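Peer 1: The structure that follows is given in the form of structure tokens.
The values are calculated or read from the model by the stated rules, or taken from the named source; none is laboratory data. Computed from a predicted structure; not experimentally measured. FYI the Cβ positions are ideal-geometry reconstructions off the backbone, even for glycines, and counts take in every protein chain you see.
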Amino acid sequence: MNRRFLTRALGIAAVSSVALTGGFAQAKDSITIAVPSFLTGGAAGPFGIPAMNGAKMVTDAINNGKLPAPYNAKGFGGASASLIELDEGGGATKQVAEYRNLVEKRNVDAIVGYISSGNCQALAPIAEELKQFTIFATCGTPRIFEEAPRKYVFRTMGHATSDNVAAAMYVKEKFPNVKGYTGINQNYAWGQDSWRDFDLTMKQIMPNTVASDKTQFPKIFAGQYGSEISAMSLDKADLVHSSFWGGDLEAFIFQGAARGLFKKKLGVVTVGGTAAYRLGKKLPDGLVLGARGPYGILVKDRDSVLNQWFVNTYKDIYGIYPSGPAYQYGQAILAAKIAYDKAGSDASDEQLADALRGVTFESFSTTVEMKLGGGHQAATENGYGITKYDSEAGENVVTDVKFYPASCVLPPDGVDSVEWINGGMKGAKC
Amino acid sequence: METFLTILLDGLQFSSYLFIVSAGLTIIFGVMKILNVCHGSFYAWGAYTSAFFIGKFSEMGLPDGLGFVVIVASAIIVGLVLGFLIEQLILKHMYHRDEVLIVLATFGLFLVLEDVILIAFGTDPYFAYQPMALLDSVEMGGIVRDVYGLTLIGVAALVAAGCWFLLNKTKWGTILKAVIFDREMGISMGINVPFVYTLTFIGGAILGGLGGAYIAPTISVAPGLGTEVIVLSFAVVVVGGMGSIMGAAIGSVIIGLLRALAVHELPQVELFVVFAVMAVVLVFRPEGLFAPAKPRKI
């Protein structure tokens, strides 16, 4: 009798404990977020390190409840986040293996980051296969959400189409006398997509301009552009478009400036923001400069509480003003907080995805509307300005800054970017 | 005519850059039979050392002209220190091993040295524009050219002339040719081959370092810059013939001129043309255009 009673009591206790611990999930005290970024290689200095700094700064502030309102609630759905910092270098194959490792062996809760379009392109289907909540922070190719619908993958900044449509619109508005254009872009998805979108937009909105038939596509990280600069100098085009970034951009600016390229032709650099603080006096005046959206030098003086917190805190910690990648990674971390706050720190990947899909939120420097790609791709404004060295302040500034709303420079949801541009950008609200 | 002159100058400028780096690679292979992958590291270390000190001297208010002394000194320091250490501590103990193993060892060294650069110099790029700015620019063939870039052609010519003089007009050249021709016979004739190897490796490293140090003022010196150059250098050395200085010179000129022609006339094939040349040479003359003659051993 006693033995039967004891057995039943143990059984009931066991079932109760399972129900309490496993059957009803408890809110977590901590979560782990993997943050891949370029920590080695040519992209580390201008992109990867500022990006990682931005992610760390925002995560620390969230963990300590120090972000300005409305994000001053402590933690990610109350949980404190620890970051796993990863190097994004080594190519897409290595990144796919690393991604699987993060999900299957290290059991991370979320993955937030990635700069390279090639990596994002390769990882999107893997994230879907593994059903892992993932936020791409900086990579630009529009193909990620245009080639297939995604359920677990998000991108919290605009894609390359907006950079190049906005560039063409800025040229039309500020330099209507441009007669022809050429370009120098890296020979991979990013460079090719960027040139394609700029070229197609120019054909639509400035049909009287002539595109050069000798546009340059050097290999990424080539570093030497002597022949390309000569070819562009001899070209009749009076505008040079480039989506170069990082060390390639800086080398091109050095070599081009030494040869008077930017005195002879109007330079349009869509990712110039990363060079603006670093090159100082060596950045030529008069370049049309973008920062892949409303980030970095273009928004340094925006006086919203969130932006001033971001600029001042970053400057205090790292000693320089934040460039675009710092903003973009900070923004992606903020999106993760929004998802966790809504779904709870114990939320499944599916619940986190449901929480972020289609939301609109105020980020540090702009409003982010997750309204493209079925609610997975952000739409933000995009802008350009003209470089000028401020000798009194001892730093570069941008003048004539103009922002174009997201509905002006990005296609409506479900419409392919190329089709949208070729169709005369129907529905664009500028 | 303007376009022709521009292509010629662009081609020669790029050839000069290729030759300075690949000359060191081919000398090391010719004498030591080592396919030295870590040659890219000599280039990177030369660039970093030069950029670092040019920047420092500029901050100290020293004359920009000192940058040229820094460039030469950086190449020599990098070659002497890295070349000596690598040869003495690692390669010296591997000469009797299979050549493939030595290639793997130099590849491992390349990866290690890339990471040491990150530790020593950090991830932020270095700018050393002062020497380029000092020499200003000049108009040639209807376009502006930076004089610094043009001086690269002169530096390459000096390196080529120096190598020719060393090999053909000095006792050291005779010794080197003897070792290249037949190592064992050289030893039996009393040549201190290990010493020749050490000096050769240091010399090759200095040339690799010189390439990086001289290019530094025109680029953003950032991590990973040694990777690209080693691929191009291998293409040059394969085209010209491994171990041949003349081959490296001709290979550089062929690749440089064809690349410049492609950039100006058909930019879509710019990447293709370098390796197409290599493929064609490998099909019709696998040993390269100017591979040194090999003795027939009986």
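So that you can scan it fast, the table gives a plain yes or no per residue for (1) under 17 Å from B:Asn36 (Cβ atoms); (2) in contact (Cβ under 8 Å) with a residue 24 or more places away in the chain; (3) away from chain A (no Cβ under 13 Å):
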| residue | (1), (2), (3) |
| --- | --- |
| B:Gly208 | yes, yes, yes |
| B:Tyr214 | no, yes, no |
| B:Thr227 | yes, yes, no |
| B:Val231 | yes, no, no |
| B:Val236 | yes, yes, yes |
| B:Ile245 | yes, yes, yes |
| B:Val253 | no, yes, yes |
| B:Leu257 | no, yes, no |
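Peer 1: Could you list all residues from region A:141-152 that are in contact (Cβ under 8 Å) with a residue 24 or more places away in the chain and over 14 Å from the mean Cα position of the chain (by Cα)?
Peer 2: Correct list: A:Arg143, A:Phe145, A:Glu146, A:Ala148, A:Pro149, A:Arg150, A:Lys151, A:Tyr152.
Peer 1: Moving on. Please go through region A:223-246 and give me each residue that is hydrophobic (A, V, I, L, M, F, W, C) and buried (at least 19 other Cβ atoms within 10 Å of the Cβ), ordered by number.
Peer 2: Within region A:223-246, A:Ile229, A:Ala231, A:Met232, A:Ala237, A:Leu239, A:Val240, A:Phe244, A:Trp245 meet the criteria.
Peer 1: Continuing with this model, one more query. Give region A:63-98 a look and list any residue that's in a loop (DSSP other than H, G, I, E, B) and of a type in the set (Asp, Glu), or say none. Break it down stepwise before answering.
Peer 2: Looking only at region A:63-98, we keep the residues that are in a loop (DSSP other than H, G, I, E, B), and these are A:64-75, A:77-78, A:88-91.
Across region A:63-98, the qualifying residue is only A:Glu88.
Peer 1: Looking at region B:175-209, which of its residues are of a type in the set (Ser, Thr, Tyr) and farther than 26 Å from B:Ser233 by Cα?
Peer 2: B:Ser188
Peer 1: Now for a separate question. Do you know which of the residues in region B:89-115 that are touching a Phe, Trp or Tyr at 6+ places or on another chain (Cβ under 9 Å) and modelled with pLDDT of 90 or more is farthest from the other protein chains (Cβ to nearest Cβ)? Break it down into steps so the answer makes sense when it comes.
Peer 2: Going through region B:89-115, the residues touching a Phe, Trp or Tyr at 6+ places or on another chain (Cβ under 9 Å) turn out to be B:91-92, B:95, B:102, B:113.
Then drop every residue that is not modelled with pLDDT of 90 or more, which leaves B:91-92, B:102, B:113.
On the way: B:Leu91: 26, B:Lys92: 30, B:Ile102: 25, B:Leu113: 13 Å.
The residue in question is B:Lys92.
Peer 1: Are any of the residues in region A:50-65 over 22 Å from A:Gln132 (Cβ atoms), within 14 Å of chain B (Cβ to nearest Cβ) and buried (at least 21 other Cβ atoms within 10 Å of the Cβ)?
Peer 2: Checked against the condition, which is being over 22 Å from A:Gln132 (Cβ atoms), within 14 Å of chain B (Cβ to nearest Cβ) and buried (at least 21 other Cβ atoms within 10 Å of the Cβ), region A:50-65 yields at least one hit.
Peer 1: Would you confirm, using the coordinates I've provided, whether B:Ser252 is modelled with pLDDT of 90 or more, under 28 Å from B:Asn168 (Cβ atoms) and under 20 Å from the mean Cα position of the chain (by Cα)? Break it down into steps so the answer makes sense when it comes.
Peer 2: Details: modelled with pLDDT of 90 or more: yes; under 28 Å from B:Asn168 (Cβ atoms): yes; under 20 Å from the mean Cα position of the chain (by Cα): yes.
Yes; evaluated as a whole, the condition is true for this residue.
Peer 1: If only one of A:Gly375, A:Gly385, A:Gly414, A:Gly427 is part of a loop (DSSP other than H, G, I, E, B) and touching a Lys or Arg at 6+ places or on another chain (Cβ under 8 Å), which one is it?
Peer 2: A:Gly375
Peer 1: Please enumerate the residues belonging to region A:154-187 that are touching a Phe, Trp or Tyr at 6+ places or on another chain (Cβ under 9 Å) and among the aromatic types (Phe, Trp, Tyr).
Peer 2: Listed by number, the residues that qualify are A:Phe154, A:Tyr170, A:Tyr181.
Peer 1: If you don't mind, another one. Consider B:Glu59 against the criteria (1) touching a residue at least 40 places away in the same chain (Cβ under 8 Å); (2) within 14 Å of another protein chain (Cβ to nearest Cβ); (3) closer than 23 Å to B:Gly122 by Cβ: it satisfies all of them except one. Which criterion is unmet?
Peer 2: Looking at each condition in turn, B:Glu59 falls short on (1).
Peer 1: Additional query: Tell me yes or no: at least one residue of region A:259-270 is touching a His at 6+ places or on another chain (Cβ under 7 Å), within 30 Å of B:Leu135 (Cβ to Cβ), in contact (Cβ under 8 Å) with a residue 40 or more places away in the chain and crowded, with 23+ Cβ neighbours inside 10 Å.
Peer 2: Taking every residue of region A:259-270 in turn, at least one turns out to be touching a His at 6+ places or on another chain (Cβ under 7 Å), within 30 Å of B:Leu135 (Cβ to Cβ), in contact (Cβ under 8 Å) with a residue 40 or more places away in the chain and crowded, with 23+ Cβ neighbours inside 10 Å.
Peer 1: Could you identify the single residue in A:Gly293, A:Gly273, A:Gly260 that is more than 14 Å from every other protein chain (Cβ to nearest Cβ) and out of contact with any helix residue (DSSP H, G or I) (no Cβ under 6 Å at 6 or more places or on another chain)?
Peer 2: A:Gly293
Peer 1: Answer yes or no as to whether A:Phe252 is within 10 Å of chain B (Cβ to nearest Cβ) and surrounded by fewer than 23 Cβ atoms within 10 Å (Cβ to Cβ). So that I can check it myself, show each step before the final result.
Peer 2: On the way: within 10 Å of chain B (Cβ to nearest Cβ): yes; surrounded by fewer than 23 Cβ atoms within 10 Å (Cβ to Cβ): no.
Spelling it out, it is not the case that A:Phe252 is within 10 Å of chain B (Cβ to nearest Cβ) and surrounded by fewer than 23 Cβ atoms within 10 Å (Cβ to Cβ).
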